[in-house]
Amino acid sequence: MVRILYLTAGIIALTLGFIGVFLPLLPTVPFVILAAFCFARSSPRFEAWLLDHRHFGPPIHAWRRNGAIPRYGKWMSTAMLGGSGVIGLFLLPGYWRFVPISVAVISGLWIWSRPDA
């Protein structure tokens, strides 16, 4: 039963990661790393496929080795977080407009604190 839950969570995480390729507000790499974590506990075949994937594999390997994030990923996430924060400043009412910018700053600081892959 636990294996099925991990497999389901992995498929959902991978789907969200794929959607994140096209939506700037949804991150891709964290969901792909989560999917690899779930597949490692549920399906060695899916885990191997994800680790061998041309685009998704290298960030997972870098994360597993030393918690590293590729510099390109850091720049892209910073740009997307910044864009989302600015959009929130203009579209949200009152003090809610500061929530996206706060999340962007906190997330960006954490991302840039990780080693480069």
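Bear in mind that the values in this text are calculations on the coordinates, not laboratory data. The model shown is predicted, which means the values in this text are computed figures rather than measured ones. Using ideal geometry, Cβ is built from the backbone for each residue, glycine included, and neighbour counts are taken over all protein chains shown.
Listed values, structure above:
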{"item": "Region 71-113 shape via C-alpha gyration tensor axes, a/c threshold 1.5", "result": "oblate"}
{"item": "Among Ala68, Phe56, Trp112 - extreme Cα towards positive end, dipole of the chain, charges at beta-carbon", "result": "Ala68"}
{"item": "Sparse-neighbourhood loop sites, trypsin sites (Lys or Arg not before Pro) in region 1-104 - DSSP loop, at most 11 other Cβ within 10 angstrom", "result": "Arg54"}
{"item": "Estimated [θ] at 222 nm from DSSP helical runs (n ≥ 4, -39500 (n - 2.57)) normalised by residues in the chain, nearest 500", "result": "-24000 deg cm²/dmol"}
{"item": "Pair Ile19, Val103: separation of 7 Å Cα→Cβ label points (nm)", "result": "1.4 nm"}
{"item": "Choice from Pro93, Pro44, Pro70 with maximal GNM fluctuation in the chain (Cα, 10 Å cutoff)", "result": "Pro93"}
{"item": "HN-Hα J in Hz across region 102-117 - Karplus 6.51, -1.76, 1.60, θ = phi - 60°, x for Gly and Pro", "result": "5, 4, 5, 5, 5, 5, x, 4, 5, 4, 6, 7, 7, x, 6, 8"}
{"item": "Most fluctuating residue given options Ser42, Ser102, Ser77, as computed from a GNM of the chain linking Cα atoms under 10 Å", "result": "Ser102"}
{"item": "Karplus (6.51, -1.76, 1.60) ³J(HN,Hα), θ = phi - 60°, over region 84-93, in Hz, Gly and Pro reported as x", "result": "5, x, 5, 4, x, 4, 8, 9, 9, x"}
{"item": "Rounded to whole Hz, the Karplus (6.51, -1.76, 1.60) HN-Hα couplings of region 45-62, x for glycine and proline", "result": "5, 5, 4, 4, 4, 5, 5, 8, 5, 4, 9, 8, x, x, x, 5, 4, 5"}
{"item": "For the chain, diffusion coefficient by Stokes-Einstein and Kirkwood Rh (Cα), 20 °C, 1.002 mPa s, µm²/s", "result": "141 µm²/s"}
